[in-house]
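The values are calculated or read from the model by the stated rules, or taken from the named source; none is laboratory data. Quantities reported herein were computed from a predicted structural model and do not represent experimental measurements. Cβ sites come from the backbone with ideal geometry, for glycine too, and all protein chains shown count toward neighbours.
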Amino acid sequence: MTKFALAREAEAAAVGEAGDPHIAPVPRISIQAFCETQDLAHAVQAAAGDRRMAKAHVKAQMGGLAGAVDTYRSSATPNVIMIEHNGQGSDLLAGLDQLSEVCDAGTKVLVVGRLNDIILYRELVRRGISDYLISPLSPVSVIRAVSGLFTAPEAEPVGRTIAVIGAKGGVGASTIAHNVAFAIARDLELDTVIADLDLPFGTAGLDFNQDPPQGVADAVFSPDRVDSAYIDRLLSKCTDHLSLLAAPATLEREYDFSAETFEPIVDAMRSTVPYIVLDIPHLWCGWSKQSLIAADEVLIVAAPDLANLRNAKNLFDFVRGARPNDRPPLYVLNQVGMPKRPEVRTADFAKALEVEPIATIAFDPQMFGTASNNGQMIAEVSAKHKAAETSLAIAKALTGRGEIKKQKRDLLSPLLAKLRGR
């Protein structure tokens with residue numbers, strides 16, 4: 001078993017009771033569902049709007065098994081057919097025999113029913129049915145069933161993406177992204193790639209003291225060459241488990257991209273790397289919006305002021321609306337306790353966003369400035385620094401390796417921060 005498979009197996013065990021295991025995105029296929037109840041029709045329609053089904057063409061209609069047989073007598077069958085049948089098992093088998101006469105050989109068939117009968121299940125498998133599902137089904141169950149059809153047991157699991165974005169420019173989102181990725185790679189020993197998507201002004205190369213001749217721009221401007229082998233050649237190795245897909249950080253050309261520009265690059269990395277941290281710049285366009293929707297986890301970094309609160313609220317509302325079947329985004333309050341700056345209280349942030357921040361990081365220009373100028377992570381400069389411990393806690397929360405413990409309020413922190421500023 002590969003390191004990748006071991007990592008994903010460990011993650012599934014860690015997720016356990018905390019939530020659903022990772023569901024791989026569905027490929028570009030066509031799916032037609034023939035329903036007998038409105039409940040299944042609604043579940044299929046809700047699943048069609050999920051980010052993991054973005055590439056699939058989904059159609060739900062009423063009619064059940066009889067409707068499917070009538071439809072495919074005069075039209076080609078899609079990649080996947082979902083049939084709901086709530087009648088007797090004998091009627092189901094007879095109807096499937098009729099469907100087989102008009103169904104293309106390569107089509108996968110999912111049957112949804114209310115009979116929990118192992119003998120019926122075995123007979124369906126013998127006849128070539130891909131899976132039998134017990135109703136009622138949730139949208140996530142529909143997605144998982146379809147995804148499972150295209151994930152071979154012996155295939156490598158699909159890597160997970162973590163999108164990190166700042167609620168405002170200059171709040172340290174890139175610094176947080178790099179330190180969290182470093183913690184995932186070094187402390188959790190999971191192979192990780194940092195993809196710096198800020199092509200004109202990205203800082204990942206500087207933060208890791210790397211100046212690779214190739215990077216993400218080479219993949220963007222050569223889309224026909226993009227595959228896992230090509231992306232692997234573009235990566236710059238930072239540590240044993242951490243690699244960098246660097247931004248060129250030059251202004252020699254304009255970087256105007258379509259919404260789908262980075263999808264092939266991320267898909268190629270997913271096939272070989274357990275975790276991809278996307279360092280997304282603070283801008284709003286088609287590809288940045290799509291990157292947030294498609295990511296498995298979203299982390300928002302904000303500073304404690306009014307503009308950050310407004311922007312974080314807008315990002316939260318958008319991400320939650322666009323990803324109804326995923327957990328809400330997480331957020332971090334950074335640069336807390338800056339001397340002489342009026343700040344929005346953490347409690348006010350939590351009230352507006354309806355959730356507590358997973359971490360707060362104190363304003364410490366000396367430590368962060370030293371690490372940045374040296375091309376190091378906080379944990380390399382001072383392994384026991386509070387920010388290094390917080391980065392590891394965030395990494396555990398994002399990977400399902402543990403929950404962040406609620407930080408105790410330190411009454412001396414604001415005073416110490418002011419003294420450091422003086």
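Take residues that are within 29 Å of M53 (Cβ to Cβ) and tell me which of the helices (runs of 4 or more DSSP H) falling wholly in region 191-308 contain 1 or more. Working first, answer last.
Values: elements: 204-207, 216-220, 228-234, 263-270, 286-294.
Helices (runs of 4 or more DSSP H) meeting the threshold: 216-220, 228-234, 263-270, 286-294.
I'm told G113 meets every condition in (1) farther than 28 Å from S271 by Cβ; (2) under 28 Å from the mean Cα position of the chain (by Cα) except one. Can you identify the failing condition by its number?
Failing condition for G113: (2).
Which of (1) at pLDDT 95 or above; (2) out of contact with any Gly (no Cβ under 6 Å at 6 or more places or on another chain) is the odd one out, the single condition N334 does not satisfy?
The one condition N334 does not meet is (2).
Scan region 86-110 and report the pairs whose first residue is more than 20 Å from L133 (Cβ to Cβ) and whose second residue is in a helix (DSSP H, G or I), with Cβ atoms within less than 6 Å and a gap of 6+ or a chain change.
Taking only residues 6 or more apart or on different chains, the pairs are Q98/V69; V102/Y72.
Just to check your reading of the model, which residue among T370, T360, T390 is outside any helix (DSSP H, G or I), assigned by TED's automatic domain parsing to the domain that holds E189 and under 30 Å from L206 (Cβ atoms)? Write out each step before concluding.
On the way: T370 fails: outside any helix (DSSP H, G or I); T390 fails: outside any helix (DSSP H, G or I).
Answer to the check: T360.
Test G166 against the criterion of being under 18 Å from the mean Cα position of the chain (by Cα) and without any contact (Cβ under 8 Å) to a residue 24 or more places away in the chain, and give yes or no. Steps first, answer last, please.
Values: under 18 Å from the mean Cα position of the chain (by Cα): yes; without any contact (Cβ under 8 Å) to a residue 24 or more places away in the chain: no.
Answer is no for this residue.
Only one residue in Q214, Q210 is closer than 18 Å to I265 by Cβ, surrounded by fewer than 23 Cβ atoms within 10 Å (Cβ to Cβ) and either under 22 Å from the mean Cα position of the chain (by Cα) or not β-branched (V, I, T) (or both), so which one is that?
On the way: Q210 fails: closer than 18 Å to I265 by Cβ.
Being closer than 18 Å to I265 by Cβ, surrounded by fewer than 23 Cβ atoms within 10 Å (Cβ to Cβ) and either under 22 Å from the mean Cα position of the chain (by Cα) or not β-branched (V, I, T) (or both) holds for just one of Q214, Q210, which is Q214.
State whether one or more residues within region 329-343 are free of Cβ contacts under 8 Å to residues at least 60 places away in the same chain and part of a helix (DSSP H, G or I).
no
Can you tell me which residues in region 4-60 are touching a strand residue (DSSP E or B) at 6+ places or on another chain (Cβ under 9 Å), acidic (D, E) and either in a loop (DSSP other than H, G, I, E, B) or modelled with pLDDT of 85 or more (or both)?
E36
Does R114 satisfy the condition of being touching a strand residue (DSSP E or B) at 6+ places or on another chain (Cβ under 9 Å), assigned by TED's automatic domain parsing to the domain that holds V44 and surrounded by fewer than 18 Cβ atoms within 10 Å (Cβ to Cβ)? Can you show your working first?
Values: touching a strand residue (DSSP E or B) at 6+ places or on another chain (Cβ under 9 Å): yes; assigned by TED's automatic domain parsing to the domain that holds V44: yes; surrounded by fewer than 18 Cβ atoms within 10 Å (Cβ to Cβ): yes.
Against the criterion (touching a strand residue (DSSP E or B) at 6+ places or on another chain (Cβ under 9 Å), assigned by TED's automatic domain parsing to the domain that holds V44 and surrounded by fewer than 18 Cβ atoms within 10 Å (Cβ to Cβ)), R114 qualifies.
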